Amino acid sequence: MATEFAFDDEILLLDGRVLEIFHRGTEESTRYHVAFLRISATPAGDGYKVRLGRASGADDIVGGRRWKMTPERFAGFQTFIADAIAARDNPA
């Protein structure tokens, strides 16, 4: 079953082992297989800086998206992205 996380002009869709990002301002979307996905989040002021993209090397992220999120939005993102992380870390 697919799950979604929507905010601002973007919708993140997790469908099985594929994460797709849709943006209202373009007809194109960006897709990542969870095996190649890396996410980082760091506290920043009164919220979080989040980066999601293709894993490269031991700790790098290539391409992808960057967002600033409020604590409330970040909590929702954590809940959503936990399924993608579980799919990546526990291939069935």
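Could you grab me the full set of residues in region 39-64 that are part of a strand (DSSP E or B) and exposed (fewer than 12 other Cβ atoms within 10 Å of the Cβ)? 42, 43, 44, 60, 62, 63 - these are the residues of region 39-64 that are part of a strand (DSSP E or B) and exposed (fewer than 12 other Cβ atoms within 10 Å of the Cβ). When 64, 57, 47, 53 are checked against the criterion of being modelled with pLDDT under 95 and in contact with a strand residue (DSSP E or B) (Cβ under 8 Å, 6 or more places away or on another chain), a single residue qualifies: 64.
Limited to region 68-81, what total is found for residues that are surrounded by 13 or more Cβ atoms within 10 Å (Cβ to Cβ) and part of a helix (DSSP H, G or I)? Break it down into steps so the answer makes sense when it comes.
Filtering region 68-81 down to residues surrounded by 13 or more Cβ atoms within 10 Å (Cβ to Cβ) leaves 68-69, 73-74, 76-78, 80-81.
Now narrow it down to the ones that are part of a helix (DSSP H, G or I): 73-74, 76-78, 80-81.
Qualifying residue count, region 68-81: 7.
Answer yes if at least one residue in region 3-18 is open to solvent by less than 50 Å² (accessible area, probe 1.4 Å), of a type in the set (Phe, Trp, Tyr) and in contact with a helix residue (DSSP H, G or I) (Cβ under 7 Å, 6 or more places away or on another chain), and no otherwise. Yes - at least one qualifying residue is present in region 3-18.
Condition check ((1) exposed (fewer than 13 other Cβ atoms within 10 Å of the Cβ); (2) over 10 Å from the mean Cα position of the chain (by Cα)) across all residues:
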{"site": "1", "(1), (2)": "yes, yes"}
{"site": "20", "(1), (2)": "no, no"}
{"site": "24", "(1), (2)": "yes, yes"}
{"site": "37", "(1), (2)": "no, no"}
{"site": "66", "(1), (2)": "yes, no"}
{"site": "83", "(1), (2)": "no, yes"}
{"site": "87", "(1), (2)": "no, yes"}
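If the condition is being without any contact (Cβ under 8 Å) to a residue 24 or more places away in the chain, of a type in the set (Gly, Ala, Ser) and either over 16 Å from residue 86 (Cα atoms) or in contact with a helix residue (DSSP H, G or I) (Cβ under 8 Å, 6 or more places away or on another chain) (or both), then region 35-52 contributes only 45.
Please go through region 1-34 and pick out each residue that is among the small types (Gly, Ala, Ser) and within 14 Å of residue 80 (Cβ to Cβ). Outline the logic, then answer.
Of region 1-34, the ones among the small types (Gly, Ala, Ser) are 2, 6, 16, 25, 29.
Listed by number, the residues that qualify are 2, 6.
The values are calculated or read from the model by the stated rules, or taken from the named source; none is laboratory data. Owing to the predicted nature of the structure, the values given are computational and were not obtained by experimental measurement. In this analysis, Cβ positions are derived from the backbone assuming ideal geometry, glycine residues included, and neighbour counts consider all displayed protein chains. The area values use the complete protein model at the heavy-atom level, side chains included, leaving out ligands, DNA and RNA. Shrake-Rupley method; radii C 1.70, N 1.55, O 1.52, S 1.80 Å.
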